[in-house]
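First the structure, in the form of structure tokens, and then the observations on it.
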Amino acid sequence: MRLRRPSPKIFFLHIPKTAGTSLRETVQRAYPGKRCVMVYSQEPAYLRSIQKDVQRAEAVYGHFSFGFNEVFGVEARYVTVLRDPIARVVSFFRHEAQHDDNEFYEQIANGMTLIDLLRSEQCFQVNNHMVRIISGHDDIATTHDVRLLRQAEANLEAHFDVVGITEDMNRSVELMAERLDWARRRSALQRLNVTPEDKPFVLDDATRAEIARYNTLDIELYRGVAQRFAGAVSAGERPA
């Protein structure tokens, strides 16, 4: 008798500052209890400790890069959400400025601007971070290598069941529910972890241009995904 191969697990790739905390609550409702494992640490000892949990679970959710399933020796299909790169970088900077345990909090408090952070090239999260994650690129050095973009595009095409966008999270969740067979559940998102708007961030032209310069790969990746998403939604189809 031929043994049936286990179905691929769903790996929800949470890119920082893409409303992933809100999405996490929806995923936990879709895969309650031990059906979903949350992963927000890359420490080897921790990963070994959850090996059996991952083997038993249907879904894995957290901050990791494409190819993370290989750590656990399981087959996987991926789901993720992208965000406009300019907005994502601004959100990251604002978040860093608001919490004193963040890596760049003290420097920002002492006058570091977003342009300063970009030009310092000491923070990989403001340099083509979405392309880094989806291509599986783990080098933290500043990069503008278009080959990473092409690899990310190929990975999205071959290994991702759903690619949503932060700017239309409700529709993105509907697509996940439909594609992942969540019994056509339509879960309303609660907007969590949203940067307070009492002090709006003034994005001047120079800062916007510098963000774009350090995120040309992310901008191209996002533009392609957003166009496919909009086209499929307007046609009543599923962008995948």
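Considering (1) more than 20 Å from Thr21 (Cβ to Cβ); (2) surrounded by 21 or more Cβ atoms within 10 Å (Cβ to Cβ), the lone condition that Gln107 does not fulfil carries the number (2). Scan the range 4-52 for residues that are outside any loop (DSSP other than H, G, I, E, B), touching a strand residue (DSSP E or B) at 6+ places or on another chain (Cβ under 6 Å) and under 17 Å from Gly67 (Cα atoms) and the total you get is 8.
What are the residues in the range 101-136 that are farther than 22 Å from Tyr222 by Cα and hydroxyl-bearing (Ser, Thr, Tyr), if any? Across the range 101-136, the qualifying residues are Tyr105, Thr113, Ser120.
Residue-wise test of (1) within 28 Å of Thr166 (Cα to Cα); (2) buried (at least 19 other Cβ atoms within 10 Å of the Cβ); (3) among the β-branched types (Val, Ile, Thr).
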{"residue": "Cys36", "(1), (2), (3)": "yes, yes, no"}
{"residue": "Glu43", "(1), (2), (3)": "no, no, no"}
{"residue": "Arg48", "(1), (2), (3)": "no, no, no"}
{"residue": "Ala57", "(1), (2), (3)": "yes, yes, no"}
{"residue": "Gly67", "(1), (2), (3)": "yes, no, no"}
{"residue": "Gly73", "(1), (2), (3)": "no, no, no"}
{"residue": "Pro85", "(1), (2), (3)": "yes, yes, no"}
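Listed by position, the helices (runs of 4 or more DSSP H) enclosed by the range 121-240 that each have at least 2 residues that are at pLDDT below 90 and over 19 Å from His14 (Cα atoms) are 216-234.
The values are calculated or read from the model by the stated rules, or taken from the named source; none is laboratory data. Bear in mind the structure is a predicted one, so any value in this text is a computation, not a measurement. Note: ideal-geometry Cβ built from the backbone for every residue, glycine included; neighbour counts use all protein chains shown.
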